[in-house]
1. Along the charge dipole of the stretch A:113-190, pointing to its positive end and built from +1/-1 on Cβ of Lys, Arg, Asp and Glu, which listed residue (A:154, A:138, A:120) has its Cα farthest out?
2. How long is the gain from residue A:82 to residue A:274 if the chain were fully straight, where each residue apart is worth 0.36 nm and the alpha carbon distance is subtracted?
3. I'd like the FRET efficiency for residue D:192 and residue A:183, computed as 1/(1 + (r/R0)^6) with the beta carbon distance as r and R0 of 60 Å, rounded to 0.05.
4. Assuming R0 = 56 Å, what is the FRET efficiency of residue A:74 and residue B:64, from their Cβ-Cβ distance, to the nearest 0.05?
5. With an 8 Å cut-off on Cα pairs and a minimum separation of 6 or more residues, tell me the relative contact order of chain D in percent.
6. Among D:193, D:281, D:260, whose Cα projects farthest towards the positive end of the dipole of the stretch D:174-301, with charges put on the beta-carbon of Lys, Arg (+1) and Asp, Glu (-1)?
7. Where the only charges are on Cβ atoms (+1 Lys, Arg; -1 Asp, Glu), what is the dipole of chain C about its Cα centre, to the nearest 20 debye?
8. For B:86-98, what's the mean count of beta carbons from other chains sitting within 10 Å of each residue's beta carbon?
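Here, each number is a calculation from the coordinates, and none is a lab measurement. Fair warning: this is a prediction, and the values are worked out from it, not measured in the lab. Positions of Cβ are generated from backbone atoms using ideal geometry, with glycine treated the same way; all protein chains shown enter the neighbour counts.
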Amino acid sequence: MSANAQPVTPVTLDTKAPPALLRADGVSIQFGGLKALTDFHLSIQQGDLLGLIGPNGAGKSTAFNVLTGVYQPSQGQVLVRDTKVNGRKPHQINLLGVARTFQNIRLFRALTALDNVKVACRAQTALHQSRLGLGAKLVNAGHNYADWWKALLLTPSFQREERRLTAQAEHLLEVMGLSHRRDEEARNLPYGEQRRLEIARALGSQPRVLLLDEPAAGMNTREKADLMVLIRKLRDDFKLGVLVIEHDMKLVMGICEQITVLDHGETIARGAPAEVRSDRKVIEAYLGDSYLESHGGAA
Amino acid sequence: MAQLLQHLINGLAAGTIYALVALGYTMVYGVLKLINFAHGDVMMVGVYMGYATAFAIGREARGSFLGIAAVFAVAMLGCALFGFLIERFAYRPLREKPRLTALITAIGISFALSYGFQLDIGFLPGASPRAFPEIIEPTEWLIIGDRDVVVWNWQVISFLIAVGLMVGLQYLVFGTRFGRAMRAVSWDHRVAALMGIPTDRVIALTFMLSSGLAAGAGLLYAIKDTSVSPLMGLYVGLKAFVAAVIGGIGHVPGAVVGALVLGLVEEFVVGYAASTWRDAVAFGFLILVLLVKPGGLFGRVAAEKV
Amino acid sequence: MQSPALPVPEAPSLVPPALRGILPLLIAIPTLALFHWSLTGSDFATYLLSVVGVNIILAVSLNIVNGMTGQFSIGHAGFMAVGAYIAGYTSLQLKEVALSFLPVSASDQVLFMLALLVGGVAAALCGFLVGLPSLRLRGDYLAIVTLGFGEIIRVFVQNTDAFGRALGLSGIPQYSSPGMVFFWVFLVVLAARRLAGSSHGRSLWAIREDEVAAEAMGVDTTGYKVRAFVFSSFFAGIAGGLFAHFVPIINPGSFTFVRSMEIVVMVVLGGLGSTTGAVVAAIFLTLLPEGMRSLFGALGTEGSLAQRVDQIRMPIYGLLLVVLMLSRPQGLFGTKELWDVLPRWLPRKRRGLA
Amino acid sequence: MRRLAPMLLAALAVMAAACEKKTQPTPSGEAGTQAAQGQSGSAASGTPPASSDTILLGQVGALTGGQATFGISTRNGIELALKEANAAGGVNGKKLAIRVYDNQSKPEEAAQAATRLITQDKVVLILGDVASSNSLAMAEKAQAAGVPMITPSSTNTTVTEKGDYIFRVCFIDPFQGFVMAKFAREDLKLSKVAVLQDNKSAYSIDLSGVFTRKFTEMGGKVVTTESYSQGDTDYRAQLTAIKKTQPDGIYVPGYYSEVGVIARQAREVGLKVPLMGGDGWDSEKLFELGGSAIEGSYFSNHYSPDNPDPRVQKFIADYKAAYGAVPDALAALGYDAARVAVESLKRAKDLSGPSVRDAIAQTKDFPGVAGTVTLDDKRNAVKSAVVLKVGDGKTQYVTTISP
């Protein structure tokens, strides 16, 4: 794969490492005249726990959307393990091992907690249908229809598959501490549990990279602390690379090893929490004077 | 050449009337995201109101300006009231419910009206079509050559009325407080309510406006084609709906353009190709437009915020 | 991949897995045979039940697209028309043919089944074509494309001599029987339920609930939508085929968009997404006009008013729709199934969609 | 599996429940229940069974939908005939009653209603619909059940081909198309004719086909064939296209509900040539809808209201008194069909299907208002047609053309 790597300026980080699980190379995106994201670089390796911060409207969620294929970049490229994924659909990118949660929780509200996770688990058994020739596409389509027949005929292999999915989803619910909500409809869960369920669902798609969009929003301090522990644990147990968008400085500074700061779509700083915290530009542009005061001039 | 011109005139005449009906669809869709399937039938009711008025005022008064004004006034006001009642009792209780629910009540009302008016009991008119009284005496307004191209006075009059109504509507939507409220409700009626906009009143007024407009359009239609029947709403309504979608449903000038385009397409299919395929071509055209521009000619598909 | 490989648990059921797939059939076929036998000789019941059955198939199949997948198709009558005409035409062509190794009646049924399948597959192909625009179109725009498709089919039939144009196809052999109709009702209900409970069904539900999230979780939303259309239109085609074989004349007037609307009404009234709801609503709405006929008939048979009452049914039907929707906006059962809303003392299924 | 067995049971239970619910408001009505439960018991549901003092007939017609206006005319004609028959003492001392069902202009509803008439109401005879596709659907059911059926005005040849229980009292499409072709060629001396047909009506398509064939055979030329759909109101595009071909006559084999408007718009686009049509034109409404534009047009019909025959004049007067309108052809044919039915019932040796069928088949030289009815061995009426000219709010007799 590396043979057909594009002649782009490599991301300045750690070039010796194996190909990044997810990489953005000079990604820009415009809506009409508005530049929502300019020359964005990012690279996530297994075991990373990165943070993406910035004031409201800085382009954090836009970055997520570009990385997961919801938006197409105007310039630059997104690579998953050195495969260019520009122009691919979100579900195809997901199948390559990138899963996400949403800022405004987007669960399948009328489905039970278990079914929410099973939807994601299931998808991984589907074939990758990214860049296939016509013949392969036909075979693929045939396979898809045949799969429906298996479900309709309730074949033993289908039943086994269903049991496997259930077991897998139950395991994830357990990991996220949601076993007691197994048969509850998602919309009836309390807020914090909905957030956790979204993570469980993302894990269901067996990702290598997990993108969390403000996972702690609306949680109280204790829940946040628990969440910090949980995110680290997930990274280690599931051998993930994690990228977190977060408003809560404490959370980000507490768990992330490296932080990228966006403002008006531009990357204004990148580095370890301590560096970012002391970066004058960041403090001015993002944190503001009041923050400096309240934290007694953290720098 | 003369024939081409004649087809053009006919197509535009048909298109203007589609446009007025399509505007009703588009306005209601704009504020409520409801495809008001009963719209065509409300129009039909309005036409019968005008029909009854024309007979009530007698043959002499009919031709006078006041007579015409009375017919239009009664039909449009009556129909506006009718639209208000339908909104109040059939749609408003369902406003916070799933969107499809209101659609089903719209279908129910459509059935009740179009079948109800086929009864010949009491004041109901019965199934057979009736000749619409000539409230505008047809005379040639313009003749080119040996009657190669003929433009009739009612074509001109209805074109003027239609254009007047459209301009008025455009002003109403973009130039008045009510229009601003309407657009706010259209954007998000819950938020609009929080901002102190009397949502219920705005929606009710929109319904009245669209129903009144439908009655006006229906009358023009009846004058043009000289007949009324209980099923007329079904056909006109469907075509106008298609026109509204071609233009981008919810978009006011879009509805007008969509309707004119549809009127011309139909006219030319019949005039120069096979008349049997008119409806198929109309719908095929619609599908083609949507495939190229998924939101209609003017509408934009709002990118969903993720 | 990273998650620990979990052992796949054993099936908790008493029924061996291999048998679970076909067991319903083993129960259904004798039941249907009994049902069929009990109807012999009562033509009106046969006819009425056939209409009911066809409407159930239509409603349940449309529910897969409109209810489960959350799309909005209002051209179901078009798929029905395709099935009806193709199956009817096939049967007309095969009218004189009989399979020599079978008795004539059995051979007829085999050919009938063949014609039905041909019709169903043709409708499914159309469903594929109509489903494709869902790549680009959403919501009401997709709806109008389905409506347009239905109307185009109608115009096409009206202009094709082989399909009898405005007169329609007549003389289609009356092969259909309540047993056959309800066999397909059984199949479509079984298929819809199994689909709803399967991973594919969950993907459809996910699309209905939140298309963006479904896509982000690896659900090929376009593919699933197209497949839902194909699946649903296949059964609509079957319904059309059955319809053609008991009426037994079909003409374009039977497949207008008003017809499509009637099917949408059944689905919404039953509760979007509820298979049993669609079944109940289809039965109720089909029998309603006949019921009114009986009611009016009982009120008086003489006099000219009595002769007019048959006209009053349709306006009343329309008003009833309004009243029903106002009193139960979520439909009869919402997204739940019949057994979820049964009284408490009856044995209940675990809540949820599966 | 465990979830399917109860489901099936539930579905069956629901079906039973729904049926019961349906007939709950019906005090004496168990028809639905019985039907749904598959008990072919005696016809209940408030239907007077074919008791000793009434004979029940059935009619299925389009009372709602696009063709309602024709169905209602037919119904009125039938109603009038039965009223007269009852006033004259009924059939062998028994009164006649009729059960009318609506088919919404749809064949499946027609078949359903016919089946209901046959098995639930146990009618001795069915009167059919106007539209041939609806009559065809009914014919299948009537033939299978051995109940005679007379269709007043379905002119498509295939209807009576369904079997020996199916009759009609009108002439068939090929004849009517021939009549107008002959008249146009020989009497009006036209050579270039345009055709404007209703593409939603089999009747119209048939007439236009026959007319085109015959007219061409007689040396004329059909210059163009355009179409419209029932329910349309704007025909200017078709007429403008027709105008281009400069015909000296236009054949419009449609129904009056559209023809009147077509005539107005034809004059409007500048077509001055005569219009011609078939029996679908015959209605007082034609003058209302067509106004002065329709004057000078010709159509073929079953009878002429000018016919001095007292029977015809009495029918017209009675109909006017009862329904406030001059009867159209459909009403006249409905009236004739009902009278043929009554006469046959009188002659039949009993009220069983075969006896009634035989009695109907023997109908010969029956003096109907819409011409004399003699049924041939194909169960079609052999009748001559008249050609009428439209003028000044009424029709004028022009000529009679025999088969």
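1. My answer, from the dipole projection, is A:138.
2. Roughly 66.1 nm would be gained on extension.
3. 0.15
4. 0.30
5. 15 percent
6. Farthest along the dipole direction, towards plus: D:193.
7. 660 debye
8. Mean partner-chain Cβ count within 10 Å for B:86-98: 2.
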